Amino acid sequence: MRSLLLGFAAGVCCLQMQAQLPGRWLLLSLLALLPILFFIVRWASRPALKIPALLACGAIAGFAWAALCSQHYLADQLPQELEGADIVLVGTIHSLPFRLPQGERFNFAVESAQLDGQPIRSVPPKVALSWYTASRAEDLPVPEVQPGERWQLNVHLQRPHGNANLGGFDYEVWLLEQDLRATGTVRSDDASDTRNVRVASFVWSFNNVVERARGWMRDRILAALPDKKYAGVIVALVVGDERGVGQSDWKVFNRTGVGHLIAISGLHITLIAGMCARLMYALWSRSFFTRAELPLLLPAHKAAALTAVAVGFIYVFLAGFGVPAQRTLYMLTVVAVALWFGRLASVSHIACIALGAVLLLDPWAVLWPGFWLSFGCVAIILFATLGRTRQVSDATLSRKQRWLARFKTEARTQLSLTLGLVPLTMLLFGQVSIVSPFANAIAIPLISFVVTPLALLGSVLPAPLSDWLLWFAHFCIAGLAQALTWMSALPGAVWMAPVPSFWIFACALIGALWLLAPRGMPLRWLGLAGWLPLLLNSASHPRDGEIWVTAFDVGQGMAVLVETPHRRLLYDTGPAYSPETDGGNRVILPYLHARGIDKLDGVIVSHNDNDHSGGALSIFEEMPVDWVASSLDFDSRIVRAAPAHRRCVAGQNWKWDGVHFEMLQPEASSYASTKYKPNAHSCTLKVGVGNASILLAGDIEAVQEAELVNAIPEKLPATVLLAPHHGSGTSSTLPFLQAVKPQIAIFQVGYRNRFGHPKPEVYARYGALGITRLRSDEAGAIKLQMGGVFSFSEYRLAQPRYWYGK
């Protein structure tokens, strides 16, 4: 059984790494092998034949199952001709809405759709919608929608699309996993807003009941804790909605290694289910203090098992059915079934059954860190403790000795878990929290035994008792957060390194397992040798005489990283997406962390537009920067926060590692003029090495292009041009392109952006000149290697996945 389920998991993993889904004939051919393999399993007497056959059977089944699920979900595809069209949908609010200062977001279950008054059937059954204040006439407030309500909405839809960068979040596969096959915005055309109306206050279904209950509990918590900083953490612990936890708080939680506790985790579910089961056992064995003699009808241990599963089921649905919660629920269920029938299975069997159940219901779970950390924890604990932990219930031991023995066992388990997860944590995140064991020693008992039970009781009990309980739970979280903030600020609190290659990870994992081997294993300390490649792993860099240029996929914005053998310069920082998220903390910093880059030698913010400067503050807060150059006003927040700020002025130049940098624009005198927009002051930088160069032109427009062509035409030729102003109709004039003579032009644009960049006529102009055109909305991040052999790569082609563009 275990071999079959592990093979099933391997097959699912294999499918999720494919660039294309397998065809019908390949799947049929693989399935045709199953009878042969089953025959081998049935008649083979030697494990050397039986186990590989079971693994192969599981792998084929897992591969085929994941492929069929993917094909089924991808079949609900929004036709391209419907993107951006005015569509009227009727359906229900399918999820817990997330409320923002500028509006709200929610999932919508479509019941019917109309285009120009005619019904259409090609709209996917579930879509993700945003309803912003800016989309309503006269800035009317967005009505607060509730789960289960039926609405008629006028929407603009588009296919799933997200940014594609190394180390970044894959929004497209997340939408696929949630079966959300289109995204869109609610549109309002007039003050009366007659096309967006509530049709029914509630539509009965199991999902709507669960989501309405989650919403009711969230509203109670937020009402009891108005304007409290950590109210979002209490909400996350009760209903699993983590969206209300601030980015700054997540940074502290992740740096101290307690992020797994700030949600409904397996630990919380086990604790709550265990407490309820123990209470039921005590009451049932006493027949609830009546004369009913209930244990004669049903043994108390079976009643307790049923209670644990029921409570776990309810809590997991409140959690939104996350992977750690699923894993715990399935383990509880397997244990309860085994207890009911008197056939208790081994822990490894239970873990494998839970693994198979998770992937059967969600084949995309293998793509998320939570899956690997969840089952990795179980595997490490089993390997390090199974058969090696001493019994501490010996009646001959005193209470003090039992407590001391239990403490030693728990400490040994925590140490084993910390060491065993280091290779996996580095592979997933590129960093390990050094203070995690100490932070978890405080956080686990406080959150599990105090905060979570109080928060759950406070969310359902009547006021004012609920208010007191929630207030005390918040008080505990606030005190814990202060301690964690202090820990996260300690020098060396986090060890960061580049995400290891597979062979480095494999060596470190073997070394960790060798260290955790039983005491009888000789030379266990040699396991440290397996960690040496991981410890010595350093960030890659160009060779002498080369530069690497990475144009990030930040949506509608600009951000370019220029690397020399020993220096790194960031040109622009991407847009701000919301008050807490931007191109800096969502794209650039995850990329730098994945590469093991811990410092920027310089940052240039070309001008003040949001799509160029939106991520600057996040980068300054997180990453050491030597100096910053910009064309911003001196009273700008970015300038005040910038280290060693200087203004961009034409003629500035410097050399790093033999690479020449020169600022071509703006002139110093232009800052005194008030007739130009910020675009006109864009810092225009040329970077060259050998015969190759790149021109980073920001958002300069036709006037500035003409000035450059007339003043310094000899400095304009470049191998690569970052298209000015994203390919707008006011830039990329023919004389400028003829002066630059680029081989390649890069357009950093957002998918179906509202500006229509690049303009079709401008894009065609580049093509007519024989210039190779690369678009970040189609290619993802674009990486250039210049100086030696010139080459470029596109992230979506270098790391292809079957869900891209679907």
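The values are calculated or read from the model by the stated rules, or taken from the named source; none is laboratory data. Just so we're clear, the structure is a prediction, and the values are computed from it rather than from any experiment. Neighbour counts run over all protein chains shown; Cβ positions are idealised from the backbone, glycine included. The area values use the complete protein model at the heavy-atom level, side chains included, leaving out ligands, DNA and RNA. Shrake-Rupley method; radii C 1.70, N 1.55, O 1.52, S 1.80 Å.
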Selected residue [under 22 Å from ARG567 (Cβ atoms), crowded, with 23+ Cβ neighbours inside 10 Å and of a type in the set (Ser, Thr, Tyr)] from SER606, SER618: SER606
Might you let me know whether the stretch 234-241 holds any residue that is crowded, with 21+ Cβ neighbours inside 10 Å, touching a Gly at 6+ places or on another chain (Cβ under 8 Å) and assigned to a loop (DSSP other than H, G, I, E, B)? yes
Over the stretch 693-739, the set of residues touching a residue at least 60 places away in the same chain (Cβ under 8 Å) and among the hydroxyl-bearing types (Ser, Thr, Tyr) is SER693, THR719
Report yes if some residue within the stretch 754-761 is among the aromatic types (Phe, Trp, Tyr) and open to solvent by less than 10 Å² (accessible area, probe 1.4 Å); otherwise report no. no
From the option list ARG646, ARG640, single residue qualifying as in a helix (DSSP H, G or I) and open to solvent by 50 Å² or more (accessible area, probe 1.4 Å) is ARG640
Give ALA213, ALA231, ALA200 a once-over and let me know the one that is out of contact with any Ser or Thr (no Cβ under 9 Å at 6 or more places or on another chain), more than 30 Å from PRO800 (Cβ to Cβ) and open to solvent by less than 30 Å² (accessible area, probe 1.4 Å). ALA231
Please count how many residues of the stretch 487-519 are of a type in the set (Val, Ile, Thr), in contact with a His (Cβ under 9 Å, 6 or more places away or on another chain) and open to solvent by 60 Å² or more (accessible area, probe 1.4 Å). 0
Cβ-Cβ below 9 Å, separation at least six or inter-chain, first residue in the stretch 648-668 and under 16 Å from HIS607 (Cβ atoms), second in a loop (DSSP other than H, G, I, E, B) and open to solvent by 50 Å² or more (accessible area, probe 1.4 Å): which pairs? VAL649/GLU667; ALA650/GLU667; MET663/GLN652; PRO666/TYR676
Scan the strands (runs of 3 or more DSSP E) fully inside the stretch 1-117 and keep the ones with 1 or more residues being among the hydroxyl-bearing types (Ser, Thr, Tyr). 87-93, 103-115
Which pairs turn up if I take residues in the stretch 233-253 that are more than 20 Å from MET217 (Cβ to Cβ) and look for partners that are among the β-branched types (Val, Ile, Thr) with beta carbon separation below 6 Å, at least 6 apart in sequence or on another chain? VAL252/THR485; PHE253/ILE262
Inspect the stretch 86-107 for any residue being over 24 Å from the mean Cα position of the chain (by Cα) and either free of Cβ contacts under 8 Å to residues at least 24 places away in the same chain or more than 17 Å from ASN196 (Cβ to Cβ) (or both) and give the result as yes or no. no
Taking the condition of a type in the set (Val, Ile, Thr), closer than 23 Å to ASN163 by Cα, touching a residue at least 24 places away in the same chain (Cβ under 8 Å) and not in a helix (DSSP H, G or I), does VAL628 pass? no
Inside the stretch 530-541, the number of residues satisfying the requirement of being exposed (fewer than 13 other Cβ atoms within 10 Å of the Cβ), small (Gly, Ala, Ser) and outside any loop (DSSP other than H, G, I, E, B) is 0
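Output the residues belonging to the stretch 325-360 that are over 27 Å from the mean Cα position of the chain (by Cα) and not aliphatic (A, V, I, L, M).
Across the stretch 325-360, the qualifying residues are THR333, TRP340, PHE341, GLY342, ARG343, SER346, SER348, HIS349.
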Could you check how many residues of the stretch 310-346 are under 22 Å from HIS260 (Cα atoms) and in a helix (DSSP H, G or I)? 18
Given the criterion within 30 Å of LEU721 (Cα to Cα) and open to solvent by 40 Å² or more (accessible area, probe 1.4 Å), identify the matching residue among ASP553, ASP544. ASP544
Breaking point among (1) surrounded by fewer than 16 Cβ atoms within 10 Å (Cβ to Cβ); (2) of a type outside the set (Ser, Thr, Tyr); (3) under 28 Å from VAL499 (Cβ atoms), for VAL587: (1)
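Condition first: in a helix (DSSP H, G or I) and surrounded by fewer than 24 Cβ atoms within 10 Å (Cβ to Cβ). Now tell me which residues in the stretch 693-723 satisfy that.
Listed by number, the residues that qualify are ALA702, VAL703, ALA706, GLU707, LEU708, VAL709, ASN710, ALA711, PRO713, GLU714, LYS715.
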What pairs come out if I take residues in the stretch 510-524 that are closer than 17 Å to ILE381 by Cβ and pair them with residues that are hydroxyl-bearing (Ser, Thr, Tyr) whose C-beta lies under 7 Å away, six or more apart or interchain? LEU516/SER416
Here the residues within the stretch 775-806 that are free of Cβ contacts under 8 Å to residues at least 60 places away in the same chain and aliphatic (A, V, I, L, M) are VAL789, LEU797, ALA798
From the set of residues in the stretch 1-19 that are over 23 Å from the mean Cα position of the chain (by Cα) and of a type in the set (Gly, Ala, Ser), which is surrounded by the fewest Cβ atoms within 10 Å (Cβ to Cβ)? SER3
Subset of the stretch 282-307, residues open to solvent by 70 Å² or more (accessible area, probe 1.4 Å) and modelled with pLDDT of 90 or more, comes to LEU306
For ARG567, indicate whether it is of a type in the set (Lys, Arg), open to solvent by 30 Å² or more (accessible area, probe 1.4 Å) and closer than 30 Å to ARG105 by Cβ. no
Would you mind stating whether ALA739 is part of a loop (DSSP other than H, G, I, E, B) and within 26 Å of ILE547 (Cα to Cα)? no
Can you confirm whether the stretch 295-318 contains a residue that is within 28 Å of the chain's Cα centre (by Cα) and without any contact (Cβ under 8 Å) to a residue 40 or more places away in the chain? yes
Picked from the stretch 765-791 (must be over 18 Å from VAL749 (Cα atoms) and not small (Gly, Ala, Ser)), the residue least open to solvent (accessible area, probe 1.4 Å) is MET786
